[in-house]
Amino acid sequence: MERVTVLGSTGSIGVSTLDVLSRHPADFEVYALTANTSVDALFDQALVHRPRYLVLRDAASAELLQAKLRAAGSESQVLSGEQGLCQVAAEADTVMAAIVGAAGLLPTLAAVRAGGKVLLANKESLVMAGRLFMDAVDAHGATLLPIDSEHNAIFQCMPGVHRDGLDAQGVRRILLTGSGGPFRQRPLDTFASVTPDEACAHPNWEMGRKISVDSATMMNKGLELIEACWLFHCPPSRIDVVVHPQSVIHSMVEYVDGSVLAQMGQPDMRTPIAHALAWPRRMNSGVASLDLILQARLDFEAPDEQRFPCLRLAREAAEAGGIASASLNAANEVAVDAFLNRQLSFAAIPRLLERVIENVENVEPQSLADVQAADALARERAQSLIGEFGS
Ligand code: NAD
Ligand code: MG
């Protein structure tokens, strides 16, 4: 039995992961489930999946959950805080890293340092600390498997040893596909009035609110570009973003002989989750067959960086290296949060990010502390600009 910890089990990826795991009770044991503040959701999950541990962010919520569980006859033990997260990440055989944002970095790294199987949904940890993160994967012999649908697709189309880089595998370039989000065709002069609910209504995927806003600004594709550079040991110049509104092709790899391999499927995260859980085997994910006749057509277009400046900002950060992408990521988390709380307009998100980034003195981070300092500084600058950019 493989013992699995799901970090962020109450979120969109977490719930899909539990759905896949529950289809294979003979192969997987749920070791630990974690959430930020959702006591009730974690309580319900604990009764169904009977994990050894549960983790909540603060001690008071953890105590409340522990009392509820005891009263219900459950033997699960509740831990709290970053220490609890890192403990259950280090003790499992397999960890699904599905906390959203920078909060996922330390627990995901704890899983990497324990040398187990790490299923990476939390793209922000690679965006923040790419080199340090990949060095830790090598140093501790961890098995890193991408969950982001694009990166999982690339991994499936490029089964060679990634750390040898693209040339060693005869790969010419990576084609990173994206739907273009909900505002691909919305008139640009209405971007200032976009509401949080409009931004979170993605045409093809159901996801958490932060990644949904990132998809609407196309920052998500930018973060994915940075993520792909680290995962596949490749420079940003070898990755082309292709807008593909139907989200049926999840990304492609072009080889030097002209072959282009694509991975296709329904836009349902249970496919990459099941792929990574079963890897190198295959197992049922519960996802329906793709009906190509019903689908009928697949469209492709070039990305529009005028419309979506976040994509350009992320590519520039990828090219700059150093702490640029950690700073961009931190400023973006603050801006998205402010937008969701109606303190910042949708149109102001890229303008605020640009202002934070142009003042960053870029250096190569030598340690996690350097990354965390860059993250804190960018957050502070972004926060101080919110009043100026307003809503
Ligand atoms: P979500 O908001 O639905 O869920 C986030 C989870 O993290 C929840 O369980 C929440 O309780 C927990 N969490 C939030 N803040 C926390 C904190 N400070 N400390 C501890 N736990 C915290 O997010 P999601 O859509 O499931 O996305 C999770 C990650 O996966 C993100 O990094 C996202 O970019 C990535 N991802 C998501 C999808 C998708 O389809 N949802 C696809 C690709 C990648
Ligand atoms: Mg993705």
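The values are calculated or read from the model by the stated rules, or taken from the named source; none is laboratory data. Since this is a predicted model, take the numbers as computed values, not measurements. FYI the Cβ positions are ideal-geometry reconstructions off the backbone, even for glycines, and counts take in every protein chain you see.
Taking the criterion of being among the basic types (K, R) and within 15 Å of ligand 1 (Cβ to nearest atom), the only residue of the range 122-150 that qualifies is K123. Taking the residues in the range 191-212 that are of a type in the set (D, E, K, R) and over 18 Å from F308 (Cβ atoms) as candidates, determine which candidate is farthest from ligand 1 (Cβ to nearest atom). Step by step, filter the range 191-212, then rank; the result is D197.
Quick check on the range 367-390. Is at least one of its residues part of a loop (DSSP other than H, G, I, E, B) and touching an Asp or Glu at 6+ places or on another chain (Cβ under 9 Å)? There is no residue in the range 367-390 that is part of a loop (DSSP other than H, G, I, E, B) and touching an Asp or Glu at 6+ places or on another chain (Cβ under 9 Å).
Might you let me know whether the range 120-128 holds any residue that is away from ligand 2 (no atom under 16 Å from the Cβ), over 24 Å from V15 (Cβ atoms) and outside the structural domain of S367 (by TED's automatic domain parsing)? Yes, the range 120-128 has at least one match.
Of all the criteria given as (1) of a type outside the set (F, W, Y); (2) within 11 Å of ligand 1 (Cβ to nearest atom); (3) touching a helix residue (DSSP H, G or I) at 6+ places or on another chain (Cβ under 7 Å), the one not satisfied by S215 is (3).
Here P267 clears all of (1) within 16 Å of ligand 1 (Cβ to nearest atom); (2) in a helix (DSSP H, G or I); (3) not polar (S, T, N, Q) except the condition numbered (2).
Could you tell me whether any residue of the range 254-273 is surrounded by fewer than 16 Cβ atoms within 10 Å (Cβ to Cβ) and among the acidic types (D, E)? So far as the range 254-273 goes, yes, one or more of its residues are surrounded by fewer than 16 Cβ atoms within 10 Å (Cβ to Cβ) and among the acidic types (D, E).
Does M207 meet the test of being within 16 Å of ligand 2 (Cβ to nearest atom), under 23 Å from the mean Cα position of the chain (by Cα) and surrounded by fewer than 23 Cβ atoms within 10 Å (Cβ to Cβ)? Explain how you work it out, then say what you get.
Details: within 16 Å of ligand 2 (Cβ to nearest atom): yes; under 23 Å from the mean Cα position of the chain (by Cα): yes; surrounded by fewer than 23 Cβ atoms within 10 Å (Cβ to Cβ): yes.
Here the answer is yes, as M207 does meet what is asked.
Checking each residue in the range 108-127 for being in a loop (DSSP other than H, G, I, E, B) and either in contact (Cβ under 8 Å) with a residue 60 or more places away in the chain or under 15 Å from L225 (Cα atoms) (or both) picks out A121, N122.
Rundown of residues vs (1) touching a Pro at 6+ places or on another chain (Cβ under 9 Å); (2) part of a helix (DSSP H, G or I), yes/no style:
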{"residue": "M283", "(1), (2)": "no, no"}
{"residue": "I293", "(1), (2)": "no, yes"}
{"residue": "R297", "(1), (2)": "no, no"}
{"residue": "S325", "(1), (2)": "no, yes"}
{"residue": "F339", "(1), (2)": "yes, yes"}
{"residue": "L344", "(1), (2)": "no, no"}
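Need pairs with beta-carbon distance below 8 Å; first residue farther than 13 Å from A114 by Cβ and within the range 128-152, second charged (D, E, K, R) and within 11 Å of ligand 1 (Cβ to nearest atom); sequence gap 6+ or separate chains. Sorted first by the residue in the range 128-152, then by its partner, the pairs are P146/E227; D148/K123; D148/E224; D148/E227; E150/E224; H151/E224; H151/E227. The residues of the range 297-318 that are over 21 Å from Q185 (Cα atoms) and either in contact with a Ser or Thr (Cβ under 9 Å, 6 or more places away or on another chain) or surrounded by fewer than 16 Cβ atoms within 10 Å (Cβ to Cβ) (or both), listed by number, are A314, A317, A318.
Just to be sure I understand, how many residues within the range 57-73 are in a helix (DSSP H, G or I) and either within 16 Å of C86 (Cβ to Cβ) or of a type in the set (G, A, S) (or both)? Before the answer, list the steps.
Going residue by residue through the range 57-73, those that are in a helix (DSSP H, G or I) are 59-71.
If we keep only those that are either within 16 Å of C86 (Cβ to Cβ) or of a type in the set (G, A, S) (or both) too, we end up with 59-62, 67, 71.
Within the range 57-73, residues that are in a helix (DSSP H, G or I) and either within 16 Å of C86 (Cβ to Cβ) or of a type in the set (G, A, S) (or both) number 6.
Would it be correct to say that A67 is over 21 Å from the mean Cα position of the chain (by Cα) and over 22 Å from G208 (Cβ atoms)?
On the way: over 21 Å from the mean Cα position of the chain (by Cα): yes; over 22 Å from G208 (Cβ atoms): yes.
Taking the combined requirement at face value, the residue satisfies it.
Could you list all residues from the range 270-281 that are part of a loop (DSSP other than H, G, I, E, B) and in contact (Cβ under 8 Å) with a residue 24 or more places away in the chain? The one that is part of a loop (DSSP other than H, G, I, E, B) and in contact (Cβ under 8 Å) with a residue 24 or more places away in the chain: W279.
Can you tell me which residue is farthest from the chain's Cα centre (by Cα) among those in the range 282-323 that are under 30 Å from F28 (Cβ atoms) and charged (D, E, K, R)?
Of all residues in the range 282-323, those under 30 Å from F28 (Cβ atoms) come to 282-291.
Now restrict to residues that are charged (D, E, K, R): 282, 291.
Numbers: R282: 22, D291: 27 Å.
Ranking the candidates gives D291 first.
Once the range 77-98 is narrowed to residues that are crowded, with 23+ Cβ neighbours inside 10 Å and more than 16 Å from ligand 2 (Cβ to nearest atom), the residue that is farthest from the chain's Cα centre (by Cα) is V78.
Considering only residues that are in contact with a Lys or Arg (Cβ under 7 Å, 6 or more places away or on another chain) and assigned to a loop (DSSP other than H, G, I, E, B), look in the range 1-56 and name the one that is modelled with the highest pLDDT. Checking each candidate, the answer is N36. Within the range 14-35, restricting attention to residues that are free of Cβ contacts under 8 Å to residues at least 60 places away in the same chain and within 26 Å of G81 (Cα to Cα), which residue is nearest to ligand 2 (Cβ to nearest atom)? In this case the residue turns out to be V15. Against the list (1) at pLDDT below 95; (2) within 16 Å of ligand 1 (Cβ to nearest atom), the condition V161 fails is (2).
Which one of E333, E305, E319, E364 is farther than 29 Å from V248 by Cβ and either without any contact (Cβ under 8 Å) to a residue 12 or more places away in the chain or in contact with a Pro (Cβ under 8 Å, 6 or more places away or on another chain) (or both)? It would help to see each step written out before you state the result.
Details: E333 fails: either without any contact (Cβ under 8 Å) to a residue 12 or more places away in the chain or in contact with a Pro (Cβ under 8 Å, 6 or more places away or on another chain) (or both); E305 fails: farther than 29 Å from V248 by Cβ; E364 fails: either without any contact (Cβ under 8 Å) to a residue 12 or more places away in the chain or in contact with a Pro (Cβ under 8 Å, 6 or more places away or on another chain) (or both).
Going through E333, E305, E319, E364 in turn, the sole match is E319.
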